[in-house]
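Data first, discussion second: the structure below is written as structure tokens.
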Amino acid sequence: MAMRYARCKGGASWSADNIPYDALARDRVRDDTHLFYTVASASFIEITSDLYTYNLIEYFRHDSEVVEWLQNVWQKEELQHGEALRRYVRTAWPDFDWDAAYRHFLAEYTPLCTVDQLAPTRALEMAARCVVETGTAGFYRMLSEQSREPVLKQLAARISADEVRHYKHFYRYFLRYQAHERPSRAAVLRILWSRASEIEAEDAFHAFKSVFLVRNPETEFQRSDYTAYVDGISRLAKNHFPLGMAVKMLLKPLGLNPVLGRAILPAATSAIRFIFMRHTGSPTPSSGVGNFDKRRQAPGASADGERPSRLL
Ligand SMILES: [Fe+2]
Ligand SMILES: [Fe+2]
């Protein structure tokens, strides 16, 4: 099972071998528990991309250009993101047993992983994919911009650039299918909104839980551990998520003039917040939990490292 990611190496523009892991400033991240959970969880979700994407490729099976890009570029790059993040985790936090935690994640999450519900038409599905890529592009840009550790800064910037490129491909395919199917603007808006607001963060929850259990083998996992983590992420996102970029990307498939674009800005902004949560945690309202229970503090982690008010 642990080898399922070994075949995922490669990608169109860069690979994990291009990342200077030797230069990683471990002292800047070693005690940053929140960053550890974020990067480890992201590595699990990215490296398991093929579990989510089979039905998408099947949906476009009649379109050889799309299928080829999905299989040979998009999926490989998503898996490569997972591989590169996995290497980062192993270098930055060498005591963490990544394989054991990932095995736990797969065992727990795979039976729960139902295929995504696809949009009723291919044009709308392409628009929906733009939503997901927008969320990931924004997340990794935030991770890069806020990172005090130069290797992570570089890695997250590369991943964010890939996600933006994925967005551009999906948008181009959207335009092509739109020309044939001619979905109304209302239908496009509905799919953008529903794909964003119906997102569940089950993958993020199980990724966090698996990381937590392996890092804290003597501690019973409680839902409040996850809630506290998500609260910290939410606070960071509120100030640092590149909402302007994300909203611009999200509105593009609607082909709105600037006036109309400004009118729906609040709804689009809410949608982007939902999307972001998928990759960092659930859209749980703030619980007001300020600190993890000290009993749960990981060996070697400082009290500050446990405080969710600072992520990176
Ligand atoms: Fe990715
Ligand atoms: Fe992507």
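General observations
- Checked against the criteria, Phe96 counts as hydrophobic (A, V, I, L, M, F, W, C), over 20 Å from the mean Cα position of the chain (by Cα), under 24 Å from Pro217 (Cα atoms) and more than 16 Å from ligand 1 (Cβ to nearest atom).
- Annotation: Arg129 fulfils all but one of (1) among the basic types (Lys, Arg); (2) farther than 27 Å from Asp63 by Cβ; (3) within 14 Å of ligand 2 (Cβ to nearest atom); the unmet one is (2).
- Check on Ala101, touching a Ser or Thr at 6+ places or on another chain (Cβ under 6 Å) and surrounded by fewer than 24 Cβ atoms within 10 Å (Cβ to Cβ): yes
- In the set (1) more than 15 Å from ligand 2 (Cβ to nearest atom); (2) without any contact (Cβ under 8 Å) to a residue 12 or more places away in the chain, Glu145 fails one condition alone, (2).
- Looking at the stretch 21-107, the helices (runs of 4 or more DSSP H) lying wholly inside it that each contain 1 or more residues that are without any contact (Cβ under 8 Å) to a residue 12 or more places away in the chain sit at 49-59, 64-69, 75-92.
- Only a single criterion out of (1) assigned to a helix (DSSP H, G or I); (2) more than 14 Å from ligand 1 (Cβ to nearest atom); (3) surrounded by fewer than 17 Cβ atoms within 10 Å (Cβ to Cβ); (4) not charged (D, E, K, R) is not satisfied by Gln117, namely (1).
- Every condition in (1) within 16 Å of ligand 2 (Cβ to nearest atom); (2) at pLDDT 95 or above; (3) closer than 15 Å to Ser49 by Cα holds for Arg86 except the one numbered (1).
The values are calculated or read from the model by the stated rules, or taken from the named source; none is laboratory data. Quick caveat, the model's predicted, so the values are computed rather than measured. When we count neighbours, we look across all protein chains shown, and the Cβ atoms used for this are built from the backbone with ideal geometry, even at glycine.
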